[in-house]
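> Quick one: the structure is below, and I'll ask about it shortly.
The values are calculated or read from the model by the stated rules, or taken from the named source; none is laboratory data. Everything quoted here is computed from the prediction, not taken from an experiment. Quick reminder, even Gly has a Cβ in these numbers, built from the backbone with ideal geometry, and neighbours come from all protein chains shown. Side chains are part of the model used for accessible areas, which takes the heavy atoms of the whole protein and leaves out ligands, DNA and RNA. Shrake-Rupley method; radii C 1.70, N 1.55, O 1.52, S 1.80 Å.
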Amino acid sequence: DSYVYVVSAKNKRNSSAFNGVFKSTDSGATFTRTAETDDIFNKSSQAWYDLALTVSSVNPDIVYIGVVDIWKSTDGGDDFSRLTYWDRPDSDSYTHADIHFMRFINGTFFAGTDGGIYVSTNEGVNFTDLSEGLSISQFYRISVSPKNSSVVVGGLQDNGGFAFSDNTWKNYHGGDGMEGIASPLNENILY
């Protein structure tokens, strides 16, 4: 088909706020702004960091946009509804926050996020985490206990805080982990 979609973010004082969806039906020769005016970035100012768009492989009027969560339109971008909720990990349509990549490959919907790769075979009704169980993360910072060098604590980029002791990694919170500190006085106290 000759459809082309563009999603725009305002670059006003580093806000990266939702600015609109634009659609072309003539291979990009002309564009028209769609009717969507709701903030489908959901007050996120992260479009400079994570922003993805894809179109269904079976219907050019089904459009997906992701920033923190994934939003779906079934009417050519005129109206979007929220498909995923990053803060509801037990829901069927869960994907981790911060959507960097979305693509249909052979009719299967893939979403690449800060927390892994998710796949849907039913246009985003359900997602499966393909990276579950993989130990792939980026530490912002780590701290080693001065009392016991086998005790390590650190914060992961968008995947929480972790501590390593007794030969086991333990997660102690979600989101951005940032700094982790081991107490200089007691190896069992980690901040």
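> Please list, in chain and number order, the residues 5+ apart from Leu130 or on another chain whose amide H is under 5 Å from its amide H, with Hs placed from the backbone.
Counting only residues 5 or more places away or on other chains, the set is Ile117, Tyr118, Val119.
> Something else now. Give the accessible surface of the chain per residue, rounded to a whole number of Å², with probe radius 1.4 Å and ligands, DNA and RNA excluded.
With the other protein chains kept in place, the chain gives 56 Å² per residue.
> Taking springs between alpha-carbon atoms closer than 10 angstrom, which of Phe110, Phe101, Phe31 fluctuates most in the Gaussian network model of the chain?
Phe31
> Whose amide H sits under 5 Å from the amide H of Asn159, counting only residues 5 or more places off or on another chain, with H placed in the peptide plane?
Amide H neighbours of Asn159: Gly177.
> Could you look at the chain and say what percent of its accessible area is carbon and sulfur, using a 1.4 Å probe and all protein chains?
Carbon-and-sulfur percentage of accessible area, whole number: 48.
> Sticking with this structure for a sec: Net charge near Asp90: determine it from the other residues with C-beta under 15 Å of the C-beta of Asp90, scoring Lys and Arg +1 and Asp and Glu -1.
Combined, the nearby Lys, Arg, Asp and Glu give -3.
> Among Phe109, Trp71, Ser44, flag the residue with its Cα farthest along the positive direction of the charge dipole of the chain, charges on Cβ as +1 for Lys/Arg and -1 for Asp/Glu.
Toward the positive end, the furthest listed residue is Ser44.
> Now for a different question. Using a Gaussian network for the chain with springs between C-alpha atoms less than 10 Å apart, which of these wobbles most: Ser81, Ser135, Ser145?
Ser135
> If you don't mind, another one. Would you please give the residues with an amide H less than 5 Å from that of Gly77, counting only those at least 5 places away or on a separate chain, with H modeled from the backbone geometry?
Val63
> For the chain, with a Gaussian network of springs between Cα atoms less than 10 Å apart, report the residue from Tyr64, Tyr172, Tyr85 with the top mean-square fluctuation.
Tyr172
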